[in-house]
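Please treat every number below as a calculation from the coordinates, not as lab data. Computed from a prediction, not measured in an experiment: that's the story for all the values here. Quick reminder, even Gly has a Cβ in these numbers, built from the backbone with ideal geometry, and neighbours come from all protein chains shown.
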Ligand code: ADP
């Protein structure tokens, strides 16, 4: 019940204060309580009192009203009207103090103060109905006549009105002013408090909604999610971690009961001497830097990908995805790729033999045609067919042979390119730690002539080391760098910047040039075999340089991509492993 009342008041208090009609005195104060205060005030001071709305209409019942006002003046229509008008004027906001003046109805001394809440004038508190020498019988008699009241009775009632010195009345009025101000500020504080409570409530509601949303997401996720907290020894070193929460996917996949894991140490839950991946997980929980890895879990014959993030210091969450099917597809893809690689090798190798034959027989045909031509010139056949035979042997056949040679050479190039690609794929790698700075030195030395020829300016940062096959990496970066030279912008000096950065277990190398750049639409296409952006441009190439780059990166289980702006330049990124890896 009390709570209900509180809620009603709260909802009233939280209405906007801006619009005056919305605020009613009764909504902010309990009228019965104020009535009591008003009655006691009137009783103690011996003067009349009432609280009215801003236009003078009573809100409380009059206390201690004199007979003159209550039973005579206010009983006449005109008198009551004048009383309301006077009360409304008396209660006008006056920051300096109470408004004290003779009543505009009966002429007795009255005082009024305004009750103002949050800048809104909501009520008037009036006191008075006392007299001193200012008022006299003649005046009151005239007023009785004016409002149509009985003259003698009015005079008699006037004489019953308590007399009070002006000084005492002012003192009482000042007390009233203080009281009204106190009431106003208390009411305003109540409103602010109620608003604050309302704000907390709505924030709490939004928080609960959001929590429910995430809770249901957490529970319904197919991925296993576990939240942990680090456990430290007396020297502050992490020695284990505790499971704080886990979702249904985790309990379903592991078969562990939630109650058996929550608040228990990982070493105990997984029955091992030291908690798995303690070092890596501690780093995430302490630095906030996320970490990701894949692992094979033998008892379930499953591969898992695990992302580790830290929601707050000393805490980390693992999000585990079953990637077994993906791994299987991947293995299948690698196998198919190897098969294709073999086909490519065999096909390009076998195509060579007929091509060499075509080339050989065409050369022979060329020589034989020369002989026929010589014979025709010296023969004394005098036939009209002789001219035609000479034209064939001298012009037409050599012309056709020329076409054959051009196309044979083109096909030879293509086959060479294919063989080069397939050889790259088939190379057996020797993975060692690569000193990146000396690797780039070798790359630059191999391109020394081209770089010097165009007066290229090289800026090389301090580079991080990685793991890989040195020869393949030299070939890969040479392809990228020689492209920077080939596709330079001839209207400015070529600048090539080489840098690297660490990212978890990877090193990302960047080769940046200020060349002609690549159209955004073609950023994916350039990696295709034989693809060239502008085949007609006067720049030599077969369109296989970047496909070889891609193949080498794939063999290293890395990633390669490019960012570019036409006419500004390109940035080729190569991501390689920071650690030793299996082929
Ligand atoms: P090629 O250089 O023989 O054409 P690539 O496979 O090496 O073949 O490159 C494919 C295409 O990518 C090139 O034709 C060129 O248009 C574009 N390209 C490669 N590197 C750059 C670069 N640094 N700046 C601008 N364009 C480039």
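How do 293-299, 243-249 rank on mean C-beta neighbours within 10 Å, highest first?
Taking the mean over residues of other Cβ atoms within 10 Å, the ranking is 243-249, 293-299.
Working from Cα positions, state the angle (0 to 90°, nearest 10) between the long axis of helix 31-45 and the longest principal axis of the chain.
Roughly 40 degrees between the two axes.
When the Cα centres of the range 22-61 and the range 513-568 are compared, how far apart do they sit, in Å?
Centre-to-centre distance over Cα atoms comes out at 87 Å.
Would you work out the relative contact order for the range 518-566, in percent, from Cα pairs under 8 angstrom that are 6 or more residues apart?
Relative contact order for the range 518-566 comes out at 47 percent.
Counting other beta carbons within 10 Å of each Cβ, put 463, 580 in order, fewest first.
So the ranking, lowest neighbour count to highest, is 580, 463.
Arranged from highest to lowest average of other beta-carbon atoms within 10 Å per residue, in what order do the peptides 429-435, 69-75 appear?
Averaged packing, sorted descending, gives the order 69-75, 429-435.
Would you mind computing, in nm to one decimal, how far apart the modelled labels at residue 523 and residue 542 are, each placed 7 Å from Cα along Cα→Cβ?
Using points 7 Å along Cα→Cβ, the separation is 2.9 nm.
Taking neighbour counts of Cβ atoms within 10 Å as a proxy for exposure, in what order, fewest first, do 521, 364 appear?
So the residues, fewest neighbours to most, are 521, 364.
For n ≥ 4 DSSP H runs only, could you compute -39500 (n - 2.57) per run for the chain, divide by its residues and tell me the 222 nm figure to the nearest 500? The partial results should precede the final answer.
Values: 18 runs with 283 residues, N = 583.
Calculated mean residue ellipticity at 222 nm is -16000 deg cm²/dmol.
By how many nm would the segment from residue 449 to residue 32 grow when fully extended, if each residue of separation counts as 0.36 nm and the alpha-carbon distance is taken off?
Taking 0.36 nm per residue and subtracting the Cα distance, the gain is 139.9 nm.
Output the relative contact order of the range 448-507, whole-number percent, from Cα pairs under 8 angstrom with separation of 6+ residues.
57 percent
Using the beta-carbon distance between residue 490 and residue 382 and R0 = 60 Å, what value does 1/(1 + (r/R0)^6) give for FRET efficiency, to the nearest 0.05?
Once the sixth-power term is evaluated, E becomes 0.45.
Going 7 Å from the Cα of residue 349 in the Cα-to-Cβ direction, what parts of the range 454-482 have a backbone nitrogen less than 14 Å from that spot?
Taking a point 7 Å out along Cα→Cβ of residue 349, no residue of the range 454-482 has its backbone N under 14 Å.
Just grab the label-to-label distance for residue 137 and residue 55, each label 7 Å out from Cα along the Cβ direction, in nm (one decimal).
Computed distance between label sites residue 137 and residue 55 equals 4.0 nm.
Over the range 339-482, calculate the relative contact order: mean separation of alpha carbon pairs under 8 Å at least 6 apart, over the residue count, as a percent.
Value for the range 339-482: 28 percent.
Exposure proxy check: 142, 67 ranked by fewest other beta carbons within 10 Å? Mind dumping the intermediate values first?
Values: 142 11, 67 16.
The order, fewest Cβ neighbours first, is 142, 67.
Measure nothing but the geometry: give the 0 to 90° angle between the long axis through the Cα atoms of 324-378 and the longest principal axis through the Cα atoms of the chain, rounded to 10°.
That helix lies at roughly 40 degrees to the long axis.
Any idea what angle helix 137-147 forms with the longest principal axis of the chain, computed on alpha-carbon atoms, 0 to 90 degrees, nearest 10?
Long axis of 137-147 versus the principal axis of the chain: about 60 degrees.
Sort 113-121, 193-201 for me by packing, meaning the mean count of neighbouring Cβ atoms within 10 Å per residue, highest on top.
Ranked from most to least packed, the peptides come out as 113-121, 193-201.
If r is the Cβ-Cβ distance from residue 329 to residue 193 and R0 is 45 Å, what FRET efficiency results, to the nearest 0.05?
In this case the efficiency is close to 0.10.
For the pair residue 178 and residue 77, what calculated FRET efficiency results from E = 1/(1 + (r/R0)^6), where r is the Cβ-Cβ distance and R0 = 30 Å, to the nearest 0.05?
0.25
How long are the semi-axes of the equivalent ellipsoid of the chain, defined as square roots of 5 times the Cα gyration tensor eigenvalues? Whole Å, largest first.
After scaling each eigenvalue by five and taking roots: 103, 36, 22 Å.
In nm, what is the difference between 0.36 nm times the number of residues separating residue 252 and residue 557 and their Cα-Cα distance?
106.5 nm
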